[in-house]
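To start, the structure under review is shown below, and the notes come after it.
The values are calculated or read from the model by the stated rules, or taken from the named source; none is laboratory data. Remember, it's a predicted structure, so these values are computed and weren't measured experimentally. For neighbour counting, all protein chains shown are included, and Cβ atoms are generated from backbone atoms with ideal geometry for every residue, glycine included.
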């Protein structure tokens, strides 16, 4: 990208942000009933917009921003639900087995990464993969548990492994 093209893109983004940020934050505040959360989600939304190729191709900016903001909200809600479930599990551990605060943060980050990695898989594929990897079940046991054939389980697990490998490649992991 030339300096001139980069400057033009930067000016377009600044203009887009200046024109729509206030409206988006207001819309999100009404939806979330929290100006703090609305501000975070608006910022994350515009960070994602920065990755889009051409702002000039957007026909309906508000609809476009709403769609992205809804995805950001879903990600936030999933992260919050995962964190809540993790913290509830920790409460059940004896104090002597409880991880340190530093380990908790690291474990929570790992759980969120795994959740992101498995996102996009259909339910049976995800279940087959998790039963195989976490519970150590064989394909026949998984097939019985899911009510599918062994060959379907093999396909599900292969698809999940491929999905995870592609995720790792795309995210440099």
Looking at 63, 26, 56, which is the one that is farther than 30 Å from residue 107 by Cα, modelled with pLDDT of 90 or more and surrounded by fewer than 11 Cβ atoms within 10 Å (Cβ to Cβ)?
-> 63
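To keep it simple, each residue is scored yes or no on (1) more than 30 Å from residue 41 (Cβ to Cβ); (2) exposed (fewer than 15 other Cβ atoms within 10 Å of the Cβ); (3) in contact (Cβ under 8 Å) with a residue 40 or more places away in the chain.
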residue	(1), (2), (3)
96	yes, yes, no
105	no, yes, no
118	no, no, yes
134	yes, yes, no
Listed by range, helices (runs of 4 or more DSSP H) wholly within the stretch 72-173 having at least 2 residues that are modelled with pLDDT under 90 are 101-118, 150-170
Only one of 78, 62, 71, 140 is within 24 Å of residue 25 (Cβ to Cβ) and without any contact (Cβ under 8 Å) to a residue 24 or more places away in the chain; which?
-> 71
Test: residue 78 is under 15 Å from the mean Cα position of the chain (by Cα) and either exposed (fewer than 15 other Cβ atoms within 10 Å of the Cβ) or in the same structural domain as residue 44 (by TED's automatic domain parsing) (or both) = yes
